[in-house]
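The values are calculated or read from the model by the stated rules, or taken from the named source; none is laboratory data. Everything numeric in this text was worked out from a predicted model, so none of it was measured. Cβ coordinates were reconstructed from backbone atoms using ideal geometry, including for glycine residues, and neighbour counts include every protein chain displayed. Only protein heavy atoms, including side chains, enter the accessible area calculation; ligands, DNA and RNA are left aside. Shrake-Rupley method; radii C 1.70, N 1.55, O 1.52, S 1.80 Å.
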Amino acid sequence: MALPVQTRIGHRARIGYSLGSLVTGAFTTVPGLLLLPYLTDTLAVPGAIAGVLVLLPKMWDVVFNPIAGRLSDASLVRHGSRRPFLLCGGIGVAVLFAAIFAHPGFGSTALDAGYVLVLYLLCATAFGVFQVPFNALPAELTDSYGERTRITSWRMGFLAIAVLLSGGGAPALVHGIGGAAGYRVMGASVGLVILLGAVLMVLGLRGAPVGRLRPGAQSWRELLVTMRRWRSFRTLVLVYTLQALGLATLLAGVNYASRYVFGDPGVQTWLFVGFVLPALMTMPLWPRVGQRWGKLWGFRAACIAFGVAAAGLAAALVLPIGVSFVFVALAGVGYAGIQVFPLAIMPDLITAEEERTGETRAGIAAGVWTGSETLGMALGPGLFGLVLGLGGYVSSVDAGVVQPDSAITAILLGFSLLPGVLVMLGLPLLRREVLEP
């Protein structure tokens, strides 16, 4: 039997849940940063084709994640826990992630690219098995409006640490060792971090509340009817998808911007530190903003902060590097808010819908949410790859080609203005109706 839903949860459960961000942070950050340059500058895959290869596994996840959500709901009803999904998915992500960058070297660009595609497809599937129940848990750990924001803030704090470690450490390993060997060492190291996060999370959640055991939905048709009626959830998902697309486009451009806009590959690590450290420092402040002015106003403020920062970064070619890093820091502050608030609003909508229907909705809602986020994160590198192609970027096997001015301009706009526009597109949708079931 499940334990009753509590208003406040203990520190062990809160920290245990948050440790899952080591999995999500590493998996969403490192491929977004390094997979596209790995394909274009180590395997010599043309930019547009590389963007498609990065996109295809994520497109599968858009279909698979709602299925994973329904299976996770069924597991909760039968066994009273989502932990088996979390553990199996986390272990799968760790092993397959290391395999993606193992680079067996078949001697053919097509074969090497096909190997990466297949392994990334399997890894993305394992990640869906992990992330769907991970996103469903806040609706079941507590029924408190404020506590859910605090849980999300803790989760985002750990996520910021994971992003800082993986986003700063992974490029440093690749750059320090160099070539395919650098990618192999990086893949194994990040895989170990993912494995550690998954195991510690499952252990930390032992004995934690898992929600009220409601029956699962009886048919896919019933679930489709629910999603069609659930306007507030669909709006929130659309906003979050646009913002995931913007963030993924920014991440995909960091490696290229450090080399061709700032003129030093080593700047990539500092760009990440300059982005994530302010996010980590301000993460505890956003729940206070939400408590004082409401989650919706906090969400709007975070979008505006990110948009202003992106507009400033568009002038990075003519600004002193110190000024550019001020805008990088402001983008990190906005990033913290646009991560905290949608994930804090979602459990409120899930609870209201479950009370209305009398059936479990957390898993399927998290599946739709995760699939949409996955789509946004997948389209980001693909979109940036398209921008590279339009700018005339020249692919190579050693990243030593001199790029035309048009390619450098494309890199700058794809790294700054384009992500800002995508994030700000969600701002008009953030009306009061988003908070209503």
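Annotations
- Breaking point among (1) open to solvent by 10 Å² or more (accessible area, probe 1.4 Å); (2) within 23 Å of LEU159 (Cβ to Cβ), for VAL30: (1)
- The condition (being in contact (Cβ under 8 Å) with a residue 40 or more places away in the chain and open to solvent by 50 Å² or more (accessible area, probe 1.4 Å)) is satisfied by just one residue among LEU422, LEU379: LEU379.
- You will find that of LEU87, LEU33, LEU39, LEU3, the residue that is at pLDDT below 85 and part of a helix (DSSP H, G or I) is LEU33 and no other.
- The stretch 92-110: number of residues that are open to solvent by 70 Å² or more (accessible area, probe 1.4 Å) and not in a loop (DSSP other than H, G, I, E, B): 2
- Only residues that are open to solvent by 40 Å² or more (accessible area, probe 1.4 Å), farther than 26 Å from TRP297 by Cα and part of a helix (DSSP H, G or I) were counted across the stretch 310-336, and they come to 4.
- Hey, ILE350 in contact (Cβ under 8 Å) with a residue 12 or more places away in the chain, within 25 Å of ALA162 (Cβ to Cβ) and touching a helix residue (DSSP H, G or I) at 6+ places or on another chain (Cβ under 8 Å) or not: yes
- Out of PHE262, PHE272, sole residue that is touching a residue at least 24 places away in the same chain (Cβ under 8 Å), aromatic (Phe, Trp, Tyr) and open to solvent by 10 Å² or more (accessible area, probe 1.4 Å): PHE262
- Among the candidates ALA160, ALA113, the residue that is of a type outside the set (Val, Ile, Thr), modelled with pLDDT under 90, in a helix (DSSP H, G or I) and surrounded by fewer than 23 Cβ atoms within 10 Å (Cβ to Cβ) is uniquely ALA113.
- Condition check for ALA352: out of contact with any Lys or Arg (no Cβ under 9 Å at 6 or more places or on another chain), open to solvent by 10 Å² or more (accessible area, probe 1.4 Å) and over 30 Å from LEU36 (Cβ atoms): yes
- Among residues of the stretch 380-416, those that are among the aliphatic types (A, V, I, L, M), at pLDDT 85 or above and over 25 Å from the mean Cα position of the chain (by Cα), counted: 3
- For the condition at pLDDT below 85, open to solvent by less than 10 Å² (accessible area, probe 1.4 Å) and not polar (S, T, N, Q), ASP61 qualifies.
- Some residue of the stretch 211-232 being at pLDDT 80 or above and open to solvent by less than 40 Å² (accessible area, probe 1.4 Å): yes
- GLY246 buried (at least 19 other Cβ atoms within 10 Å of the Cβ), modelled with pLDDT under 90 and touching a helix residue (DSSP H, G or I) at 6+ places or on another chain (Cβ under 8 Å): no
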